[in-house]
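K.L.:
Here it is, the structure in full.
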Amino acid sequence: MGSAVYDVHGQSAVITMNNPPVNGLGFDLRREIVAGLAHAETDAKVKALVLIGSPRAFSGGADIREFGSPKSTAEPSLNTVILALENAGKPIVAAIGGACMGGGLELAMACHFRVAVNGAQIALPEVKLGLMPGAGGTQRLPRLIGAEAALNMIVSGEAVPSEKLSGTALFDEMIEGDLLEGALAFAGKIVAEGRPLKRVRDIKPSLPNAEGFFQFARNTVGAAAKNFPAPLKCVDAVAAAVALPFEEGVRLERELFVQLMQSPESRALRHAFFAERAAAKIPDVPEGTPLRKIDKVAVIGAGTMGSGITVNFLSAGIPVTLLEAKKEALDKARGGIRGIYEASAKKGRLKPQQVEERMALLTPTQSYDDLKDADMVVEAVFEEISVKEAVFRRLDEVMKPGAILASNTSTLDLNRIAAFTKRPHDVIGTHFFSPANVMKLLEVVRGEKTAKDVLATVMGMAKKIKKTAVVSGVCDGFIGNRMVEQYLRQALFLLEEGASPRQMDRAVEKWGMAMGPFRMSDLAGNDIGWAIRKRRYREQPGMKYSRIADRLCEQGRFGQKTGLGWYRYEAGRRDAIPDPAVEQMIVDYSKEIGVERRKIGEEEIVQRLIFALVNEGAAILHDGIAQRASDIDMVYLTGYGFPVYRGGPMFYADEIGLYNVVASMGRFAANPHGDPGFWKPAPLLDRLAAEGKGFN
Ligand SMILES: NC(=O)c1ccc[n+]([C@@H]2O[C@H](COP(=O)([O-])OP(=O)(O)OC[C@H]3O[C@@H](n4cnc5c(N)ncnc54)[C@H](O)[C@@H]3O)[C@@H](O)[C@H]2O)c1
C-alpha cells in the first residue's frame, strides 16, 4: 500500500492518507494527494472528493523524518498541494479525526468543506519550534474562527478539541458515528444541493477595533515571549490576515516564516526537539529488544531522593515498596509524599480520590523480606561506598532472579557497586536530579557489564515516569556533574580575580541560565562541593583549585539549609541577599594570594563559564561517556536550567563556531591569572575546530 489510497464510493472519490504513525505530509503522501485529486477531477462520474486520514490522525503536519532533507521541500510542496486542493473544481471535504495539526490543519483549511468527529485535536503548534505556520495557516484560521481565537491558538501552539470549535466556520458539520460514512453523506448532500465551493481565502475577516486589539496583543505576547521572536511574528501575521488582502497576507507569512527558520532560537528549539528523540536511541541496543516486565518497584532509603523517586513511580500507577533503616525517616517520607499529592489536589491538579489511590500504592517497610517480588529496585541510601556495599550484598540475596538493581549514586563507581553482587549485568545507575519528582532529567548510567535489555527496560521505564533519559558511561560525576565541576571551578577563579557572586549570577542569568553558579551552590549545599574538592586535593593534587569556597565552608556557610552561604537567607524565604561579610572575605582572599582585583565584564564571565562546560563536554564525548553531543545538550537543558533558546552548551558552541571558542580559550589561558592547563582545548574540540566542523 502506498502513502495514500484512492477509491470511489458512488459519486464520491476518497483519498485515505496512509503514512503512519500520524500521516506526516512527506513527499510520497503529498504526491499521492495531488495524483488522487487529478484522478477525481478527470473522472466524470466523481462529483466530490473526501480527504481522510486514520482514526489516530487526519495529519500531524510535516513528516519529521524528512526534516532538513531535500524531500521536505521537493515539489509538490505543501503549498502546491494546498493550492491544488483549493483551486479544484469539484467540492473537497476534509474528514477530520485524531490529530489535525500544523500542515495537517493547513491542508484541511484548503479544502472547501470540513467535517469532524468530537475529540479531534486541532492545533498550529509551529511556535513550539520557534516557527509559525508557513502554508497559509495564519491567514486561513482567522477567517474561520475569528482573529482572537486564531491568535490564541497560533501563539500558544496548544491543541484545542474539535468540539470546542464546533460552532465556528472551521467545521461545516460534526459527525457522530463513523467518520467516513458521515463525510460521504455530507458530500452527497452538498452535491445534491449544488452548494457552491467555499474557498476560505474569499472570506473577509472582520474585527472591530483591530488596531487596539493587536496593540494589546503585541504588549502581552511580547512580555511573555521575552527571548523568543516567533510569538510576536505570529501576531504580525494574524494582524495581516485582518488588514491585508489574502495574497499579501500569505506573502508576509512566508517572509516571516523564512526569517524564523533562520533565527538562532528556532534552530535551537528544533535541535532540542530532535535531541530528545535521539537520546532515546542507543546505537548497540536494537529498538525491538525484549523488555523486562516492571510491575512493582522497590526504593531503598526514604530520604530526599528516595521520597522524590517514589513519587515518580506512584504517579505512573506503579506500586512501590519503600524500605528505610530508620522508622522516623520512613514516617516522615510517607507524610512528605502525601503532602506533595495534597498540594497538587489543592491546586486542582488531582482529585482527592486520586491522592488516596496513589497513596494506596505505597508500602513502607523496614524488612528486606518485602522486596522479594519487586521487578526493579532503586537504591538511594547515603553516599558512602560501605553503605552501598551492604545494601547491594543484601539485595543480591533477596531480590528475585532477573530483577533490575539500580543505584542513584551521584559520585561513586557504578562498576564497583555492581561487583558487590553476583549479577552485575542486572545493575544499572539511575541518577535522578533533585527534586526528583520535578526534574525532567534522568541520567541512565550504563555499567561495564549492564545487560542491553536492562538498559532498554530502564529507558522505557523512564518514559513511563515522564523523564528525559540520557545514557551516560561510568565516570566521576557522569555527564552533568562532571561538566558542572569545571564550571564551578572557573567561577571560583573569577571570584579571585575580581568578580562577585552577585555579578556573576546576574551575568549568566541575564544570558539565560535559570540560576547562576553561586545561587545554585547555595541551593545544592556548599558542603557537597567541599566534599568533592577534598577528594580532588587527595586524588589529583596537580589540579589547580581556588580555596576560596573552602573558606566559606569552614565558616559553616553551607547555603540555604544553614541560612548562610554565598548569600544570606532570611527564615522561610529563598531570596539570595548579598552579604558584605562574604564580599569582604573574597577581597581579603584575593589580597592574600597576591591578585590585584580587576573589573571583569559580563561577556568574559559568561564565556569563561560556558566554555568551561563546552571543553569538558568535548572530553566527555571523546571518552565515550556521552553517546553524542546532543545528549550532553539534553542533560543541560533538562537538568541544569540551560536556556532552551540557546540549544545546550554543545549546540551553542557550534553556533558560535568552534574556531572562535578555541580562540577565546587561548586568550583566557594568556591572562596572567589564567590557568593554561584549564584552557587547554580537549583534543576533540581542537580537532573539530581545525577541521572547521562542529559537535553536532
Ligand atoms: N540530594 C541530591 O541532590 C542528590 C541528587 C542525586 C543523587 N543523589 C544521591 O542519592 C542518594 C541519597 O541521597 P539523599 O540526598 O536522598 O540522602 P538522604 O540523607 O536525604 O537520604 C538517605 C536515606 O537513606 C537512609 N539509609 C541510610 N542507610 C540505609 C540503609 N542501609 N538501608 C536503608 N536506608 C538507609 C537514611 O536513613 C536516609 O533516610 C545518594 O547516593 C546521593 O548521592 C542525591
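K.L.:
Would you be able to say whether some residue in the stretch 368-376 is within 8 Å of the ligand (Cβ to nearest atom) and in contact with a helix residue (DSSP H, G or I) (Cβ under 7 Å, 6 or more places away or on another chain)?
P.N.:
Among the residues of the stretch 368-376, not one is within 8 Å of the ligand (Cβ to nearest atom) and in contact with a helix residue (DSSP H, G or I) (Cβ under 7 Å, 6 or more places away or on another chain), which makes the answer no.
K.L.:
Here is a further query. For the stretch 75-191, list the strands (runs of 3 or more DSSP E) that sit wholly inside it and hold at least 1 residues that are closer than 27 Å to Arg31 by Cβ and of a type in the set (A, V, I, L, M); which are they?
P.N.:
The qualifying strands (runs of 3 or more DSSP E) are 92-96, 99-101, 113-117, 121-123.
K.L.:
Return yes or no: is Leu260 within 16 Å of the ligand (Cβ to nearest atom) and either basic (Lys, Arg) or surrounded by 19 or more Cβ atoms within 10 Å (Cβ to Cβ) (or both)?
P.N.:
Judged against the criteria, Leu260 is not a match.
K.L.:
Then there is this: Can you list residue pairs whose Cβ atoms sit under 9 Å apart, with the first residue in the stretch 507-536 being at positive phi and the second being within 16 Å of the ligand (Cβ to nearest atom)? Count only pairs 6 or more apart in sequence or on different chains.
P.N.:
Here the result reads Gly512/Gly641; Gly525/Phe558; Gly525/Gly559; Gly525/Gln560; Gly525/Lys561; Gly525/Thr562; Gly525/Gly565, each pair linking the stretch 507-536 to a residue that is within 16 Å of the ligand (Cβ to nearest atom).
K.L.:
Residue by residue through the stretch 1-60, note down the ones that are under 21 Å from Glu106 (Cα atoms) and of a type in the set (S, T, N, Q).
P.N.:
Hits for the stretch 1-60 are Ser3, Thr16, Asn18, Asn19, Asn23, Ser54, Ser59.
K.L.:
Here is a further query. Of the residues that sit in the stretch 285-305 and are charged (D, E, K, R) and surrounded by 14 or more Cβ atoms within 10 Å (Cβ to Cβ), which one is farthest from the ligand (Cβ to nearest atom)?
P.N.:
This residue is Arg292.
K.L.:
Taking the options Asp178, Asp202, Asp172, Asp236, name whichever one is in contact with a Lys or Arg (Cβ under 9 Å, 6 or more places away or on another chain), modelled with pLDDT of 95 or more and farther than 18 Å from His112 by Cβ.
P.N.:
The match here is Asp236.
K.L.:
A further question on this structure: With respect to Lys189, is the statement that it is charged (D, E, K, R) and closer than 21 Å to Lys128 by Cβ true?
P.N.:
Judged against the criteria, Lys189 is not a match.
K.L.:
Now, a different point. Give me a count of the residues in the stretch 288-328 that are among the small types (Gly, Ala, Ser), out of contact with any helix residue (DSSP H, G or I) (no Cβ under 8 Å at 6 or more places or on another chain) and within 14 Å of Met376 (Cα to Cα).
P.N.:
0
K.L.:
Would you check which residues across the stretch 192-229 are of a type in the set (Lys, Arg) and not in a loop (DSSP other than H, G, I, E, B) and list them?
P.N.:
If the condition is that a residue be of a type in the set (Lys, Arg) and not in a loop (DSSP other than H, G, I, E, B), then Arg201, Arg218 are the ones that fit.
K.L.:
Take the residues in the stretch 360-375 that are in contact with a Leu (Cβ under 8 Å, 6 or more places away or on another chain) and outside any loop (DSSP other than H, G, I, E, B), then tell me which one is nearest to Asn312 (Cα to Cα).
P.N.:
The qualifying residue nearest to Asn312 (Cα to Cα) is Leu362.
K.L.:
Going by the conditions given, is Arg608 surrounded by 20 or more Cβ atoms within 10 Å (Cβ to Cβ) and in a loop (DSSP other than H, G, I, E, B)?
P.N.:
Details: surrounded by 20 or more Cβ atoms within 10 Å (Cβ to Cβ): yes; in a loop (DSSP other than H, G, I, E, B): no.
Answer is no for this residue.
K.L.:
Scan the helices (runs of 4 or more DSSP H) fully inside the stretch 440-551 and keep the ones with 3 or more residues being modelled with pLDDT of 95 or more and crowded, with 19+ Cβ neighbours inside 10 Å.
P.N.:
452-464, 478-497, 501-511, 517-524
K.L.:
Could I ask something else about it? Restricting to the stretch 379-431, name every residue that is part of a helix (DSSP H, G or I), within 14 Å of the ligand (Cβ to nearest atom), over 28 Å from the mean Cα position of the chain (by Cα) and under 23 Å from Val471 (Cα atoms).
P.N.:
Ile385, Lys388, Phe392, Arg416, Ile417
K.L.:
Also, quick follow-up: Can you pull out the residues in the stretch 404-423 that are more than 19 Å from Val484 (Cα to Cα) and surrounded by fewer than 22 Cβ atoms within 10 Å (Cβ to Cβ)?
P.N.:
Asn415, Arg416, Ala419, Phe420, Thr421, Lys422, Arg423
K.L.:
Within the stretch 306-335, restricting attention to residues that are β-branched (Val, Ile, Thr) and under 17 Å from Ser434 (Cα atoms), which residue is farthest from the ligand (Cβ to nearest atom)?
P.N.:
The residue in question is Val311.
K.L.:
Every residue in the stretch 234-279 that is more than 23 Å from the chain's Cα centre (by Cα) and basic (Lys, Arg), please.
P.N.:
Result: Arg251, Arg254.
Conditions (1) over 25 Å from the mean Cα position of the chain (by Cα); (2) of a type in the set (Lys, Arg); (3) in a helix (DSSP H, G or I), marked per residue:
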site: Thr310; (1), (2), (3): no, no, yes
site: Phe313; (1), (2), (3): no, no, yes
site: Leu322; (1), (2), (3): yes, no, no
site: Ala325; (1), (2), (3): yes, no, no
site: Leu330; (1), (2), (3): yes, no, yes
site: Gly335; (1), (2), (3): yes, no, yes
site: Gly339; (1), (2), (3): yes, no, yes
site: Arg349; (1), (2), (3): no, yes, no
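Condition check ((1) in contact with an Asp or Glu (Cβ under 6 Å, 6 or more places away or on another chain); (2) surrounded by 12 or more Cβ atoms within 10 Å (Cβ to Cβ)) across all residues:
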| site | (1), (2) |
| --- | --- |
| Phe186 | yes, yes |
| Val200 | no, yes |
| Ser206 | no, no |
| Ala210 | no, yes |
| Ala230 | no, yes |
| Cys234 | no, yes |
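K.L.:
Test Ala38 against the criterion of being under 22 Å from Pro196 (Cα atoms) and either assigned to a helix (DSSP H, G or I) or in contact with a Leu (Cβ under 7 Å, 6 or more places away or on another chain) (or both), and give yes or no.
P.N.:
yes
K.L.:
Taking the condition without any contact (Cβ under 8 Å) to a residue 40 or more places away in the chain, on the phi < 0 side of the Ramachandran plot and surrounded by fewer than 20 Cβ atoms within 10 Å (Cβ to Cβ), does Glu276 pass?
P.N.:
No; evaluated as a whole, the condition is false for this residue.
K.L.:
Same structure, new question: Which condition number does Ala239 fail, the rest of (1) farther than 30 Å from Ala629 by Cβ; (2) surrounded by fewer than 23 Cβ atoms within 10 Å (Cβ to Cβ); (3) more than 16 Å from the ligand (Cβ to nearest atom) being met?
P.N.:
It fails just one condition, (2).
K.L.:
Assess whether Met439 counts as being within 16 Å of the ligand (Cβ to nearest atom) and under 24 Å from Phe478 (Cβ atoms).
P.N.:
For Met439, the condition - within 16 Å of the ligand (Cβ to nearest atom) and under 24 Å from Phe478 (Cβ atoms) - is met.
The values are calculated or read from the model by the stated rules, or taken from the named source; none is laboratory data. What you are looking at is a predicted structure, and each value in this text was computed from that prediction instead of being measured. Backbone-built Cβ (ideal geometry, glycine too); neighbour counts: all protein chains shown.
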